[in-house]
Amino acid sequence: MNVFSFLDGMQIYQMVILLLGLVLLIIEMFTPGFGVSGGIGIVLLIAGIILTASTPFEALVMIVLLLIILGVALQIILRSATKGRLSKTLILNESLTKNAGYIGTDDLEYFVGKEGTTLTVLRPSGTAEFDGLRLDVVSEGEYIPKNTKVRITEVAGRRIVVKSI
């Protein structure tokens, strides 16, 4: 008995179901998201195996072959994602640097010591203006009325601590 004897008696619709399921699973590898194509692909592969295999051994052989094909496809996709054409679309090669004019949340240290005016009441958080720039600030726990002169004493990430002068 030939291991691949099930290919001889395979109908066209069975091949179409298996190939469509395989294609949908490969498409799922390329597209991040909800997984609709992958779910439909798995259902089609299971249906194709049930319709095609006449013995449990044939079903096992088909599952192993499909897993090998999917593994090879995944290996090709991963290689392309790291070194090939796909890497140019998936990986961001530009960086947002200070020299290019980008300021991250960690770069607010230069505000320490600046003086400004509160635009809202700080109890203990609110808004203050420093050199024409509105910033969300917090006081050191005290109530600070609106239009009060304040000085930045500490910056920790996005948290800017002020004290009234």
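Can you find a residue in the stretch 101-113 that is outside any helix (DSSP H, G or I), modelled with pLDDT of 90 or more and out of contact with any Gly (no Cβ under 8 Å at 6 or more places or on another chain)? Yes, the conditions are met somewhere in the stretch 101-113. Give the residues of the stretch 115-137 that are surrounded by fewer than 18 Cβ atoms within 10 Å (Cβ to Cβ) and either part of a loop (DSSP other than H, G, I, E, B) or touching a helix residue (DSSP H, G or I) at 6+ places or on another chain (Cβ under 7 Å) (or both), sorted by residue number. Passing the criteria: L119, T120, V121, R123, P124, D131, G132. When residues in the stretch 5-59 are screened for being among the small types (G, A, S), at pLDDT 90 or above and more than 35 Å from the chain's Cα centre (by Cα), 1 of them pass. Mind listing whichever residues of the stretch 138-154 are closer than 14 Å to R123 by Cβ and surrounded by 13 or more Cβ atoms within 10 Å (Cβ to Cβ)? Hits for the stretch 138-154 are V138, S139, E140, I144, K146, T148, V150.
The values are calculated or read from the model by the stated rules, or taken from the named source; none is laboratory data. None of the values given here were measured: they were computed from a predicted structure. With ideal geometry, Cβ positions are generated from the backbone for all residues, glycine too; neighbour counts draw on all protein chains shown.
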